[in-house]
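Scroll down for the structure; my scribbles are underneath it.
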Amino acid sequence: SSSSSSSSGGGGFFGAGRARGGPVTLASVPLALALTSKACVEHEAVGECFRSLMDDDVIDERMAVMLLLILERRRGARSPAAPYVEAIPARFRTPLHYSADETRGLAGTNLHAAASQQRKALDSVLRERVRPAGARLFRAMRAWERERRGWFGRTVVGGFTSAAKITEDEFRWAYSAYWSRALSLPIGADPTAPTVEAIVPGIDFANHSCGAPNARWEVRGVRGGSPYASDPSGLGPRVELLGEFGSLPAPGEEVVISYGDKTNEELLFVHGFADRDNPHDALVLQPPWVVHEFGEGGFTDGKKKELSKETREERELRIEANRSREALRKLRGLPSQVVLPAVPPARGLAGLDETTVSTLTLWGSSPKALEFELHAEVATRLAGLSEREAREDAERTVGRSSPTDAERRAAALGALRDALDAQGARLEEATGFGQSRDSRGPAAGSRAAIAAAVKAASERRVDEVVAADPLAPPVVKAAAVYRSGVARMTRRYTNEAARWK
(Lines give C-alpha, C1' and ligand atoms only; values in the text may rest on other atoms or scores of the structure.)
Protein backbone atom coordinates (compact mmCIF):
# COMPACT_ATOMS: atom_id res chain seq x y z
CA SER A 1 0.00 0.00 0.00
CA SER A 2 1.11 3.58 -0.48
CA SER A 3 1.17 4.25 3.23
CA SER A 4 3.11 1.16 4.16
CA SER A 5 5.73 1.57 1.49
CA SER A 6 6.80 4.75 3.25
CA SER A 7 8.01 2.72 6.18
CA SER A 8 10.56 0.68 4.35
CA GLY A 9 11.50 2.73 1.34
CA GLY A 10 9.40 0.69 -1.11
CA GLY A 11 10.48 -2.81 0.00
CA GLY A 12 8.16 -5.54 1.15
CA PHE A 13 6.81 -9.02 0.41
CA PHE A 14 4.71 -9.97 -2.58
CA GLY A 15 2.46 -12.98 -3.10
CA ALA A 16 3.35 -15.85 -5.41
CA GLY A 17 -0.07 -17.48 -5.65
CA ARG A 18 -3.08 -18.83 -3.79
CA ALA A 19 -3.42 -22.04 -1.85
CA ARG A 20 -6.20 -23.92 -0.13
CA GLY A 21 -6.39 -24.51 3.57
CA GLY A 22 -4.55 -22.41 6.08
CA PRO A 23 -2.75 -20.79 7.57
CA VAL A 24 -0.08 -20.71 4.88
CA THR A 25 3.56 -20.01 5.75
CA LEU A 26 4.73 -17.19 3.50
CA ALA A 27 8.14 -16.76 5.12
CA SER A 28 10.03 -18.38 7.99
CA VAL A 29 13.04 -16.92 9.84
CA PRO A 30 15.03 -18.86 12.46
CA LEU A 31 14.80 -17.15 15.82
CA ALA A 32 18.60 -17.39 16.07
CA LEU A 33 18.82 -14.64 13.42
CA ALA A 34 16.80 -12.14 15.46
CA LEU A 35 18.68 -9.02 16.58
CA THR A 36 18.25 -8.89 20.34
CA SER A 37 20.36 -8.03 23.37
CA LYS A 38 21.10 -11.76 23.57
CA ALA A 39 22.54 -11.61 20.05
CA CYS A 40 24.70 -8.70 21.19
CA VAL A 41 26.29 -10.54 24.12
CA GLU A 42 26.83 -13.59 21.88
CA HIS A 43 28.62 -11.54 19.19
CA GLU A 44 31.82 -13.36 18.22
CA ALA A 45 33.96 -10.24 18.36
CA VAL A 46 32.50 -7.86 20.95
CA GLY A 47 30.04 -9.98 22.93
CA GLU A 48 31.91 -9.54 26.22
CA CYS A 49 32.09 -5.80 25.67
CA PHE A 50 28.32 -5.65 25.10
CA ARG A 51 27.76 -7.65 28.27
CA SER A 52 30.01 -5.32 30.26
CA LEU A 53 28.28 -2.20 28.90
CA MET A 54 24.85 -3.52 29.90
CA ASP A 55 26.02 -4.84 33.28
CA ASP A 56 27.51 -1.41 34.03
CA ASP A 57 24.21 0.28 32.98
CA VAL A 58 26.02 2.31 30.35
CA ILE A 59 23.44 1.16 27.80
CA ASP A 60 20.14 -0.72 27.93
CA GLU A 61 19.03 -3.65 25.79
CA ARG A 62 17.48 -1.45 23.11
CA MET A 63 20.56 0.72 22.79
CA ALA A 64 22.68 -2.42 22.50
CA VAL A 65 20.80 -3.44 19.35
CA MET A 66 21.14 0.09 17.94
CA LEU A 67 24.90 -0.04 18.51
CA LEU A 68 25.02 -3.48 16.91
CA LEU A 69 23.40 -2.03 13.78
CA ILE A 70 25.95 0.81 13.69
CA LEU A 71 28.85 -1.60 14.19
CA GLU A 72 27.74 -4.01 11.45
CA ARG A 73 27.06 -1.13 9.09
CA ARG A 74 30.62 0.12 9.59
CA ARG A 75 32.05 -3.35 9.00
CA GLY A 76 30.52 -3.27 5.54
CA ALA A 77 31.14 -6.36 3.39
CA ARG A 78 33.10 -7.99 6.25
CA SER A 79 29.93 -8.24 8.32
CA PRO A 80 27.96 -11.49 8.15
CA ALA A 81 24.86 -9.28 8.35
CA ALA A 82 25.93 -7.11 5.39
CA PRO A 83 23.11 -8.09 2.98
CA TYR A 84 20.49 -7.32 5.62
CA VAL A 85 22.05 -4.07 6.84
CA GLU A 86 22.39 -2.82 3.27
CA ALA A 87 18.67 -3.47 2.73
CA ILE A 88 17.65 -1.18 5.60
CA PRO A 89 16.71 2.27 4.22
CA ALA A 90 19.59 4.74 4.37
CA ARG A 91 17.17 7.51 5.37
CA PHE A 92 13.89 7.24 7.21
CA ARG A 93 10.84 9.41 6.68
CA THR A 94 9.98 10.05 10.32
CA PRO A 95 9.90 13.62 11.71
CA LEU A 96 13.25 12.96 13.39
CA HIS A 97 14.84 13.15 9.93
CA TYR A 98 12.81 16.05 8.53
CA SER A 99 14.55 19.10 7.12
CA ALA A 100 13.55 22.54 8.43
CA ASP A 101 11.16 23.00 5.50
CA GLU A 102 9.63 19.56 6.00
CA THR A 103 9.22 20.18 9.74
CA ARG A 104 7.14 23.28 8.98
CA GLY A 105 4.56 20.92 7.52
CA LEU A 106 3.89 19.77 11.10
CA ALA A 107 3.36 23.28 12.49
CA GLY A 108 0.26 23.52 14.63
CA THR A 109 0.34 19.85 15.69
CA ASN A 110 1.67 17.86 18.62
CA LEU A 111 4.40 16.35 16.46
CA HIS A 112 6.01 19.71 15.68
CA ALA A 113 7.11 20.17 19.27
CA ALA A 114 7.60 16.41 19.79
CA ALA A 115 10.10 16.20 16.91
CA SER A 116 12.13 19.08 18.32
CA GLN A 117 12.10 17.58 21.81
CA GLN A 118 13.08 14.18 20.42
CA ARG A 119 16.10 15.61 18.59
CA LYS A 120 17.30 17.40 21.73
CA ALA A 121 16.84 14.28 23.87
CA LEU A 122 18.68 12.05 21.38
CA ASP A 123 21.53 14.53 21.06
CA SER A 124 21.98 14.29 24.84
CA VAL A 125 21.85 10.47 24.77
CA LEU A 126 24.37 10.46 21.92
CA ARG A 127 26.87 12.56 23.88
CA GLU A 128 26.42 10.97 27.28
CA ARG A 129 25.89 7.28 26.46
CA VAL A 130 26.15 6.25 22.83
CA ARG A 131 29.53 7.75 21.98
CA PRO A 132 31.29 6.49 25.14
CA ALA A 133 29.79 3.02 24.63
CA GLY A 134 30.67 3.10 20.93
CA ALA A 135 34.28 3.98 21.71
CA ARG A 136 34.57 0.91 23.95
CA LEU A 137 32.93 -1.31 21.33
CA PHE A 138 35.18 -0.10 18.52
CA ARG A 139 38.30 -0.66 20.67
CA ALA A 140 37.14 -4.21 21.35
CA MET A 141 36.44 -4.70 17.65
CA ARG A 142 39.94 -3.45 16.73
CA ALA A 143 41.52 -5.80 19.26
CA TRP A 144 39.60 -8.76 17.82
CA GLU A 145 40.60 -7.80 14.28
CA ARG A 146 44.28 -7.48 15.24
CA GLU A 147 44.25 -11.00 16.64
CA ARG A 148 43.26 -12.24 13.22
CA ARG A 149 46.18 -10.79 11.32
CA GLY A 150 47.71 -13.22 8.84
CA TRP A 151 51.31 -13.71 7.77
CA PHE A 152 53.51 -10.70 7.04
CA GLY A 153 51.09 -8.38 8.80
CA ARG A 154 48.33 -8.82 6.24
CA THR A 155 44.80 -8.89 7.63
CA VAL A 156 42.57 -11.86 7.02
CA VAL A 157 39.42 -9.82 7.68
CA GLY A 158 40.18 -7.23 5.00
CA GLY A 159 40.95 -4.19 7.10
CA PHE A 160 39.88 -2.51 10.32
CA THR A 161 36.45 -1.25 11.30
CA SER A 162 36.36 2.53 11.66
CA ALA A 163 36.70 3.69 15.24
CA ALA A 164 35.59 7.25 14.47
CA LYS A 165 33.16 8.98 16.83
CA ILE A 166 29.55 7.97 16.18
CA THR A 167 27.84 10.73 14.24
CA GLU A 168 24.40 12.21 14.78
CA ASP A 169 23.21 10.75 11.48
CA GLU A 170 24.46 7.28 12.38
CA PHE A 171 22.67 7.26 15.72
CA ARG A 172 19.43 8.66 14.30
CA TRP A 173 19.56 6.00 11.57
CA ALA A 174 20.00 3.17 14.08
CA TYR A 175 17.38 4.63 16.41
CA SER A 176 14.80 4.84 13.63
CA ALA A 177 15.70 1.40 12.29
CA TYR A 178 15.13 -0.11 15.72
CA TRP A 179 11.85 1.60 16.62
CA SER A 180 10.27 1.18 13.19
CA ARG A 181 11.18 -2.51 12.87
CA ALA A 182 11.31 -4.11 16.34
CA LEU A 183 8.67 -6.65 17.38
CA SER A 184 7.69 -7.77 20.88
CA LEU A 185 8.20 -11.52 20.70
CA PRO A 186 6.53 -13.74 23.35
CA ILE A 187 9.71 -15.69 24.04
CA GLY A 188 10.76 -14.45 27.48
CA ALA A 189 11.74 -17.15 29.97
CA ASP A 190 10.93 -14.82 32.89
CA PRO A 191 7.16 -14.85 33.64
CA THR A 192 7.41 -11.22 34.78
CA ALA A 193 8.90 -10.25 31.39
CA PRO A 194 7.23 -12.58 28.88
CA THR A 195 8.18 -10.58 25.79
CA VAL A 196 11.53 -9.77 24.20
CA GLU A 197 12.00 -6.89 21.78
CA ALA A 198 13.73 -8.00 18.60
CA ILE A 199 14.31 -7.09 14.98
CA VAL A 200 13.60 -10.16 12.84
CA PRO A 201 15.44 -9.79 9.52
CA GLY A 202 13.08 -10.41 6.63
CA ILE A 203 9.87 -10.27 8.63
CA ASP A 204 10.56 -6.58 9.29
CA PHE A 205 10.18 -5.81 5.59
CA ALA A 206 6.46 -6.63 5.69
CA ASN A 207 4.59 -3.35 5.33
CA HIS A 208 1.50 -2.13 7.18
CA SER A 209 -2.15 -1.93 6.23
CA CYS A 210 -4.57 -0.03 8.45
CA GLY A 211 -7.68 -1.68 7.11
CA ALA A 212 -6.97 -4.91 5.25
CA PRO A 213 -3.88 -6.85 6.36
CA ASN A 214 -3.59 -10.18 4.56
CA ALA A 215 -0.93 -11.74 6.79
CA ARG A 216 0.35 -11.87 10.36
CA TRP A 217 3.52 -12.95 12.12
CA GLU A 218 3.73 -15.67 14.74
CA VAL A 219 6.48 -17.25 16.88
CA ARG A 220 6.61 -21.03 16.58
CA GLY A 221 8.70 -23.79 18.10
CA VAL A 222 9.08 -21.96 21.45
CA ARG A 223 7.31 -22.59 24.73
CA GLY A 224 8.08 -20.83 28.02
CA GLY A 225 11.13 -19.18 26.53
CA SER A 226 12.73 -22.48 25.48
CA PRO A 227 12.66 -24.53 22.26
CA TYR A 228 9.57 -26.71 22.07
CA ALA A 229 10.91 -30.27 21.95
CA SER A 230 7.63 -31.70 20.65
CA ASP A 231 7.38 -29.29 17.71
CA PRO A 232 6.14 -31.61 14.93
CA SER A 233 7.77 -29.56 12.18
CA GLY A 234 11.28 -30.11 13.48
CA LEU A 235 12.19 -26.63 12.22
CA GLY A 236 13.13 -25.27 15.62
CA PRO A 237 12.33 -21.83 17.10
CA ARG A 238 11.31 -19.41 14.36
CA VAL A 239 9.17 -16.43 13.41
CA GLU A 240 6.79 -17.09 10.54
CA LEU A 241 4.80 -14.81 8.31
CA LEU A 242 1.41 -16.44 7.88
CA GLY A 243 -1.43 -15.89 5.44
CA GLU A 244 -4.95 -17.13 6.05
CA PHE A 245 -6.90 -18.97 3.39
CA GLY A 246 -9.43 -16.60 1.88
CA SER A 247 -7.20 -13.54 2.25
CA LEU A 248 -3.98 -14.76 0.67
CA PRO A 249 -2.36 -12.23 -1.68
CA ALA A 250 -2.62 -12.88 -5.40
CA PRO A 251 0.56 -13.26 -7.45
CA GLY A 252 2.36 -9.90 -7.39
CA GLU A 253 0.09 -8.50 -4.67
CA GLU A 254 1.87 -7.10 -1.63
CA VAL A 255 1.84 -9.03 1.63
CA VAL A 256 0.85 -6.61 4.40
CA ILE A 257 0.47 -7.01 8.14
CA SER A 258 -0.89 -4.78 10.90
CA TYR A 259 1.50 -2.84 13.12
CA GLY A 260 -1.36 -2.46 15.59
CA ASP A 261 -4.34 -0.14 16.04
CA LYS A 262 -2.27 3.03 15.85
CA THR A 263 -3.28 6.63 15.25
CA ASN A 264 -1.77 8.60 12.39
CA GLU A 265 0.16 10.59 14.99
CA GLU A 266 1.93 7.44 16.17
CA LEU A 267 2.35 5.97 12.69
CA LEU A 268 4.00 9.14 11.42
CA PHE A 269 6.21 9.63 14.47
CA VAL A 270 7.49 6.03 14.58
CA HIS A 271 7.14 4.70 11.04
CA GLY A 272 7.09 7.78 8.82
CA PHE A 273 3.69 7.49 7.13
CA ALA A 274 0.03 8.35 7.71
CA ASP A 275 -3.11 6.86 6.19
CA ARG A 276 -6.03 9.05 5.11
CA ASP A 277 -8.41 6.13 5.68
CA ASN A 278 -6.97 5.00 9.01
CA PRO A 279 -9.92 3.57 10.99
CA HIS A 280 -7.87 3.84 14.19
CA ASP A 281 -7.08 7.53 13.94
CA ALA A 282 -7.86 9.68 16.97
CA LEU A 283 -7.52 13.25 18.20
CA VAL A 284 -4.74 13.64 20.77
CA LEU A 285 -5.19 16.74 22.94
CA GLN A 286 -2.59 18.26 25.23
CA PRO A 287 -3.57 20.30 28.30
CA PRO A 288 -4.38 23.85 27.18
CA TRP A 289 -1.55 25.36 29.26
CA VAL A 290 0.97 23.00 27.63
CA VAL A 291 -0.23 24.01 24.16
CA HIS A 292 0.05 27.69 25.05
CA GLU A 293 3.43 27.53 26.77
CA PHE A 294 5.25 24.91 24.74
CA GLY A 295 3.75 25.23 21.28
CA GLU A 296 5.53 26.81 18.34
CA GLY A 297 7.12 30.09 19.38
CA GLY A 298 5.75 29.99 22.94
CA PHE A 299 2.33 31.44 23.70
CA THR A 300 -0.19 31.88 20.92
CA ASP A 301 -1.10 35.47 20.03
CA GLY A 302 -4.52 35.18 21.65
CA LYS A 303 -3.04 33.84 24.86
CA LYS A 304 -0.39 36.57 24.94
CA LYS A 305 -3.14 39.22 24.93
CA GLU A 306 -5.02 37.39 27.66
CA LEU A 307 -1.96 36.98 29.88
CA SER A 308 -0.84 40.59 29.37
CA LYS A 309 -3.80 41.62 31.54
CA GLU A 310 -2.88 39.20 34.34
CA THR A 311 -1.86 40.59 37.71
CA ARG A 312 1.13 39.16 39.53
CA GLU A 313 -1.14 37.36 41.99
CA GLU A 314 -3.22 35.86 39.18
CA ARG A 315 -0.08 34.62 37.45
CA GLU A 316 1.23 32.97 40.62
CA LEU A 317 -2.16 31.35 41.24
CA ARG A 318 -2.27 30.00 37.66
CA ILE A 319 1.23 28.52 37.91
CA GLU A 320 0.50 26.97 41.31
CA ALA A 321 -2.77 25.48 40.04
CA ASN A 322 -0.95 23.83 37.12
CA ARG A 323 1.62 22.39 39.51
CA SER A 324 -1.20 20.96 41.63
CA ARG A 325 -2.77 19.45 38.52
CA GLU A 326 0.49 17.76 37.59
CA ALA A 327 1.03 16.43 41.12
CA LEU A 328 -2.53 15.09 41.30
CA ARG A 329 -2.23 13.55 37.83
CA LYS A 330 0.85 11.58 38.87
CA LEU A 331 -0.71 10.46 42.14
CA ARG A 332 -3.76 9.14 40.30
CA GLY A 333 -1.79 7.62 37.44
CA LEU A 334 -3.65 9.63 34.80
CA PRO A 335 -2.20 10.25 31.31
CA SER A 336 -0.62 13.59 30.41
CA GLN A 337 -2.87 13.89 27.36
CA VAL A 338 -6.30 12.70 26.25
CA VAL A 339 -7.05 10.59 23.20
CA LEU A 340 -10.49 11.15 21.68
CA PRO A 341 -12.11 8.87 19.08
CA ALA A 342 -12.08 10.37 15.59
CA VAL A 343 -15.87 10.78 15.64
CA PRO A 344 -17.37 12.61 18.65
CA PRO A 345 -19.60 10.20 20.61
CA ALA A 346 -23.35 10.70 20.24
CA ARG A 347 -23.74 10.62 24.04
CA GLY A 348 -21.34 13.50 24.47
CA LEU A 349 -19.12 13.46 27.54
CA ALA A 350 -20.87 10.28 28.76
CA GLY A 351 -19.60 8.50 25.65
CA LEU A 352 -15.94 9.03 26.58
CA ASP A 353 -14.04 6.53 28.71
CA GLU A 354 -13.63 7.07 32.44
CA THR A 355 -9.90 7.85 32.28
CA THR A 356 -10.43 10.55 29.65
CA VAL A 357 -13.22 12.19 31.67
CA SER A 358 -11.15 12.04 34.88
CA THR A 359 -8.22 13.69 33.10
CA LEU A 360 -10.42 16.42 31.63
CA THR A 361 -12.00 17.02 35.04
CA LEU A 362 -8.53 17.49 36.52
CA TRP A 363 -7.61 19.94 33.76
CA GLY A 364 -10.73 22.03 34.35
CA SER A 365 -10.92 22.03 38.16
CA SER A 366 -10.73 25.37 39.95
CA PRO A 367 -7.73 26.13 42.19
CA LYS A 368 -9.86 25.60 45.30
CA ALA A 369 -11.21 22.28 44.02
CA LEU A 370 -7.66 21.20 43.16
CA GLU A 371 -6.51 22.07 46.67
CA PHE A 372 -9.33 19.96 48.09
CA GLU A 373 -8.64 16.96 45.84
CA LEU A 374 -4.89 17.07 46.42
CA HIS A 375 -5.31 17.28 50.20
CA ALA A 376 -7.74 14.33 50.18
CA GLU A 377 -5.49 12.26 47.91
CA VAL A 378 -2.42 12.82 50.10
CA ALA A 379 -4.39 12.09 53.27
CA THR A 380 -5.56 8.79 51.81
CA ARG A 381 -2.17 7.69 50.55
CA LEU A 382 0.19 9.00 53.22
CA ALA A 383 -1.94 9.31 56.36
CA GLY A 384 -3.79 6.05 55.78
CA LEU A 385 -7.24 7.63 56.11
CA SER A 386 -10.26 6.11 54.42
CA GLU A 387 -11.69 8.01 51.46
CA ARG A 388 -14.56 9.34 53.59
CA GLU A 389 -12.22 10.41 56.39
CA ALA A 390 -9.80 12.04 53.93
CA ARG A 391 -12.59 14.09 52.34
CA GLU A 392 -13.91 15.18 55.69
CA ASP A 393 -10.41 16.25 56.69
CA ALA A 394 -10.03 18.12 53.38
CA GLU A 395 -13.33 19.96 53.99
CA ARG A 396 -12.11 21.15 57.40
CA THR A 397 -8.66 22.14 56.13
CA VAL A 398 -9.48 23.66 52.74
CA GLY A 399 -12.80 25.19 53.73
CA ARG A 400 -14.93 23.82 50.91
CA SER A 401 -17.02 20.73 50.34
CA SER A 402 -16.23 17.91 47.97
CA PRO A 403 -16.90 18.87 44.32
CA THR A 404 -20.35 17.72 43.18
CA ASP A 405 -20.98 15.61 40.08
CA ALA A 406 -22.34 18.71 38.34
CA GLU A 407 -19.14 20.64 39.17
CA ARG A 408 -16.98 17.81 37.88
CA ARG A 409 -18.95 17.60 34.65
CA ALA A 410 -18.72 21.35 34.14
CA ALA A 411 -14.97 21.20 34.78
CA ALA A 412 -14.50 18.40 32.25
CA LEU A 413 -16.58 20.16 29.58
CA GLY A 414 -14.80 23.46 30.17
CA ALA A 415 -11.40 21.80 29.93
CA LEU A 416 -12.35 20.00 26.71
CA ARG A 417 -13.52 23.23 25.11
CA ASP A 418 -10.40 25.09 26.28
CA ALA A 419 -8.13 22.34 24.93
CA LEU A 420 -9.96 22.38 21.59
CA ASP A 421 -9.73 26.18 21.44
CA ALA A 422 -5.99 26.02 22.17
CA GLN A 423 -5.47 23.32 19.52
CA GLY A 424 -7.58 25.26 17.01
CA ALA A 425 -5.66 28.48 17.66
CA ARG A 426 -2.36 26.69 17.22
CA LEU A 427 -3.46 25.24 13.89
CA GLU A 428 -4.86 28.59 12.80
CA GLU A 429 -1.64 30.45 13.50
CA ALA A 430 0.34 27.76 11.67
CA THR A 431 -1.88 27.39 8.60
CA GLY A 432 -4.23 30.37 8.46
CA PHE A 433 -7.28 28.11 8.63
CA GLY A 434 -10.34 29.03 10.63
CA GLN A 435 -11.52 32.17 12.34
CA SER A 436 -9.44 34.00 14.91
CA ARG A 437 -10.49 33.08 18.42
CA ASP A 438 -10.16 36.75 19.40
CA SER A 439 -12.45 38.09 16.69
CA ARG A 440 -16.14 38.61 17.24
CA GLY A 441 -18.02 36.09 15.15
CA PRO A 442 -20.94 33.68 15.26
CA ALA A 443 -21.21 31.37 18.26
CA ALA A 444 -19.42 28.05 17.93
CA GLY A 445 -21.77 25.34 16.72
CA SER A 446 -24.29 27.77 15.24
CA ARG A 447 -25.41 27.56 11.62
CA ALA A 448 -23.56 30.80 10.87
CA ALA A 449 -20.33 29.43 12.38
CA ILE A 450 -20.62 26.21 10.39
CA ALA A 451 -21.31 28.13 7.17
CA ALA A 452 -18.27 30.37 7.80
CA ALA A 453 -16.08 27.33 8.45
CA VAL A 454 -17.24 25.66 5.25
CA LYS A 455 -16.54 28.82 3.24
CA ALA A 456 -13.04 29.17 4.74
CA ALA A 457 -12.27 25.50 4.13
CA SER A 458 -13.38 25.70 0.50
CA GLU A 459 -11.09 28.69 -0.07
CA ARG A 460 -8.03 27.30 1.69
CA ARG A 461 -7.72 23.52 1.67
CA VAL A 462 -3.98 23.28 1.15
CA ASP A 463 -3.33 20.26 3.38
CA GLU A 464 -6.33 18.38 2.04
CA VAL A 465 -5.20 18.95 -1.55
CA VAL A 466 -1.65 17.79 -0.85
CA ALA A 467 -2.92 14.78 1.12
CA ALA A 468 -4.95 13.66 -1.91
CA ASP A 469 -2.18 14.30 -4.45
CA PRO A 470 -0.63 10.98 -5.58
CA LEU A 471 2.40 12.86 -6.96
CA ALA A 472 3.22 14.75 -3.76
CA PRO A 473 6.61 13.90 -2.17
CA PRO A 474 6.08 11.16 0.45
CA VAL A 475 7.26 13.25 3.41
CA VAL A 476 5.16 16.27 2.44
CA LYS A 477 2.14 14.06 1.75
CA ALA A 478 2.40 12.21 5.07
CA ALA A 479 2.61 15.47 7.04
CA ALA A 480 -0.38 16.85 5.12
CA VAL A 481 -2.46 13.70 5.74
CA TYR A 482 -1.68 13.90 9.46
CA ARG A 483 -2.21 17.65 9.90
CA SER A 484 -5.39 17.80 7.81
CA GLY A 485 -6.77 14.95 9.92
CA VAL A 486 -5.97 16.82 13.14
CA ALA A 487 -7.63 19.96 11.80
CA ARG A 488 -10.71 18.04 10.64
CA MET A 489 -11.18 16.26 13.99
CA THR A 490 -10.54 19.47 15.94
CA ARG A 491 -13.21 21.37 14.00
CA ARG A 492 -15.71 18.56 14.42
CA TYR A 493 -15.17 18.26 18.16
CA THR A 494 -15.29 22.04 18.60
CA ASN A 495 -18.70 22.18 16.93
CA GLU A 496 -20.07 19.12 18.77
CA ALA A 497 -18.68 20.00 22.22
CA ALA A 498 -20.38 23.39 22.03
CA ARG A 499 -23.71 21.53 22.19
CA TRP A 500 -22.79 19.11 24.96
CA LYS A 501 -24.30 19.76 28.39
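The values are calculated or read from the model by the stated rules, or taken from the named source; none is laboratory data. Please read these numbers as outputs of a predicted model, since none were measured by experiment. Cβ sites come from the backbone with ideal geometry, for glycine too, and all protein chains shown count toward neighbours. The area values use the complete protein model at the heavy-atom level, side chains included, leaving out ligands, DNA and RNA. Shrake-Rupley method; radii C 1.70, N 1.55, O 1.52, S 1.80 Å.
Here is how the numbers come out for the structure above:
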{"item": "Computed FRET value (nearest 0.05) for Ala135 with Ala82, which takes r as the C-beta separation and R₀ as 22 Å", "result": "0.40"}
{"item": "Label-point gap, in nm, between Thr25 and Thr311 - each point 7 angstrom along Cα→Cβ", "result": "7.7 nm"}
{"item": "Dipole in debye (nearest 20) - the stretch 166-212, about Cα centre, beta carbon charges: Lys, Arg +1; Asp, Glu -1", "result": "180 debye"}
{"item": "Positive-end residue, the stretch 26-177 charge dipole about Cα centroid, Cβ charges, pick of Gly47, Leu137, Ile59", "result": "Leu137"}
{"item": "Heavy-atom accessible surface of the stretch 352-432: percent carbon and sulfur, 1.4 Å", "result": "48 percent"}
{"item": "Potential extension, Arg323-Glu147 segment - 0.36 nm per residue separation minus Cα distance", "result": "57.5 nm"}
{"item": "Potential lengthening between Asp55 and Arg492 on full extension [0.36 nm per residue; Cα-Cα distance subtracted]", "result": "152.2 nm"}
{"item": "With every protein chain in place, the stretch 46-131: carbon and sulfur % of accessible area (1.4 Å)", "result": "47 percent"}
{"item": "Gain in span if fully extended, Arg62 to Arg396, counting 0.36 nm per residue against the direct Cα distance", "result": "115.2 nm"}
{"item": "Two-site label geometry, Glu128 and Val476: point separation in nm, points 7 Å out along Cα→Cβ", "result": "3.9 nm"}
{"item": "Theoretical FRET efficiency, 1/(1+(r/R0)^6), r = Cβ-Cβ of Arg388 and Gln337, R0 22 Å, to 0.05", "result": "0.10"}
{"item": "Options Thr355, Gly333, Ser402, ranked by Cα towards positive dipole end of the stretch 331-411, top entry (Cβ charges)", "result": "Thr355"}
{"item": "The stretch 70-152, accessible area per residue, ligands and nucleic acids excluded (1.4 Å, Å²)", "result": "51 Å²"}
{"item": "Entries of Lys38/Lys330; Lys262/Lys368; Lys165/Lys262; Lys120/Lys262; Lys38/Lys262 with Cα pairs more than 27 Å apart", "result": "Lys38/Lys330; Lys262/Lys368; Lys165/Lys262; Lys38/Lys262"}
